[in-house]
Amino acid sequence: MKNKENKEVIRNEVNILKYPLFSLNERKRKTEEIKFSSRTSRNGEIIEIHWNVYPHSKYGTPTVFDKKIFMFIIEKIENLPKPISNPIALGSTYSILKNLNLNLNVRNYQRFANSIKRMISTKIESVESFYSKSEKTWINDFFGLFDRAIFKGEQMPDGTVADQTYIYLGSRLIDNINANYIKPLDMNYYNMLKKPMATRLYEILGVKFFALFQNEKSSRSIKFSYELLCDLMPVTKQKQISLIKQQFLPSLEKLKSTGFLSNFKIENENEKVYIYFYPGP
């Protein structure tokens, strides 16, 4: 049983876990930029950081479906020897849809193709936010996670015909994966959560809890302002605390009942709402 569980662990790139990339509203089809800004202390200096996601005008903002495809790609990378290199073989669209338990119909074949195109065309702007482990610094850059894709039947660079879908990772993503700037995710647990907000909280808090346990002198809880957490998710901000609780409680209760959290609190402090997270077993 232990070996089976280990096979269900995949390692995702840390920046992608920390910052928002996918809209959690699957029904939103419009093009909407995702922007995150914050201040942080580095070497005794206060730094402004910005993480902006710019979707393509035709394909729109990446959503929950695209995240499923992205996680499938990360799972494929998990099984490759390091250092990984382009292109990454994904398999046939048939095998991909079957692996994701999606209906094998024309609509989902097209959804998959559009998802790949959407993620390739989505660009990220980092201002002191994306950490490059190989360069050992936070970068200022404009880049994509994926550079291109070749679908089955299309021509490969060597002139042969592709027998399956291949994707080329962008240099920023592939460099950090090869530099092991990654964090493990328990995919059995991740998939069991089901709710997009719960899985997103699992990603964000997992990174924070890992850092928390590295420092023995730190408190045993993580505190987020509600506004900051909404920007990280990303989700629409509510003004009334009753609506905030309605928005977050189902996911928080799920994380607590499954042991990821031992407790949580939603508190109104000095006219601002904060959420406290206490790690579970």
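The values are calculated or read from the model by the stated rules, or taken from the named source; none is laboratory data. Just so you know, these numbers come straight off a predicted model, no measurement behind them. Positions of Cβ are backbone-derived with ideal geometry, glycine not excepted, and every protein chain shown enters the neighbour counts. In case anyone asks, the SASA skips ligands and DNA or RNA and just uses the protein heavy atoms, side chains included. Shrake-Rupley method; radii C 1.70, N 1.55, O 1.52, S 1.80 Å.
Before moving on, here are some points about what is shown:
- Within the stretch 92-114, residues that are free of Cβ contacts under 8 Å to residues at least 40 places away in the same chain reach partners that are part of a loop (DSSP other than H, G, I, E, B) and open to solvent by 60 Å² or more (accessible area, probe 1.4 Å) with beta carbons closer than 6 Å, at six or more positions or on different chains, in the pairs Leu97/Leu104.
- Residues satisfying the stated conditions in the stretch 242-281, i.e. of a type in the set (Lys, Arg) and outside any strand (DSSP E or B): Lys245, Lys254, Lys256
- Against the numbered list (1) open to solvent by 30 Å² or more (accessible area, probe 1.4 Å); (2) of a type in the set (Phe, Trp, Tyr); (3) within 20 Å of Phe22 (Cα to Cα), Tyr190 comes up short only at (1).
- Of all residues making up the stretch 45-98, the number that are under 23 Å from Glu8 (Cα atoms), open to solvent by less than 30 Å² (accessible area, probe 1.4 Å), within 14 Å of the chain's Cα centre (by Cα) and not β-branched (Val, Ile, Thr): 6
This table checks each residue for (1) at pLDDT below 95; (2) in contact with a Cys (Cβ under 8 Å, 6 or more places away or on another chain).
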residue	(1), (2)
Ser218	yes, no
Met233	no, no
Thr236	yes, yes
Gln246	no, no
Pro250	no, no
Glu253	no, no
Glu271	yes, no
Pro279	yes, no
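- Tabulated pairs, the stretch 250-261, first in contact (Cβ under 8 Å) with a residue 12 or more places away in the chain and under 14 Å from Met192 (Cβ atoms), second among the basic types (Lys, Arg) and not in a helix (DSSP H, G or I), C-beta under 7 angstrom, 6+ apart or interchain: Ser251/Lys195; Lys254/Lys195
- One residue alone among Lys152, Lys133 is surrounded by 15 or more Cβ atoms within 10 Å (Cβ to Cβ) and either at positive phi or more than 19 Å from the chain's Cα centre (by Cα) (or both), and that residue is Lys152.
- In the stretch 233-249, the qualifying residues are those that are of a type in the set (A, V, I, L, M, F, W, C) and in contact (Cβ under 8 Å) with a residue 40 or more places away in the chain, and the one that is farthest from Ile16 (Cα to Cα) is Phe248.
- Hey, Glu269 of a type outside the set (Val, Ile, Thr) and under 18 Å from the mean Cα position of the chain (by Cα) or not: no
- The residues of the stretch 191-203 that are under 12 Å from the mean Cα position of the chain (by Cα) and farther than 17 Å from Glu253 by Cβ amount to a single one, Glu203.
- Sole residue being in a loop (DSSP other than H, G, I, E, B) and at pLDDT 95 or above, chosen from Asn176, Asn180: Asn180
The rows are residues; the columns are (1) surrounded by 14 or more Cβ atoms within 10 Å (Cβ to Cβ); (2) of a type in the set (A, V, I, L, M).
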{"position": "Phe213", "(1), (2)": "no, no"}
{"position": "Ser221", "(1), (2)": "yes, no"}
{"position": "Cys230", "(1), (2)": "yes, no"}
{"position": "Val235", "(1), (2)": "yes, yes"}
{"position": "Ser242", "(1), (2)": "no, no"}
{"position": "Gln247", "(1), (2)": "yes, no"}
{"position": "Lys265", "(1), (2)": "no, no"}
{"position": "Asn270", "(1), (2)": "no, no"}
{"position": "Pro281", "(1), (2)": "no, no"}
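- Scan the stretch 99-121 for residues that are within 19 Å of Pro55 (Cα to Cα) and open to solvent by 90 Å² or more (accessible area, probe 1.4 Å) and the total you get is 1.
- Among (1) open to solvent by 50 Å² or more (accessible area, probe 1.4 Å); (2) among the basic types (Lys, Arg); (3) farther than 21 Å from Ile204 by Cα - the single one Lys35 does not satisfy: (3)
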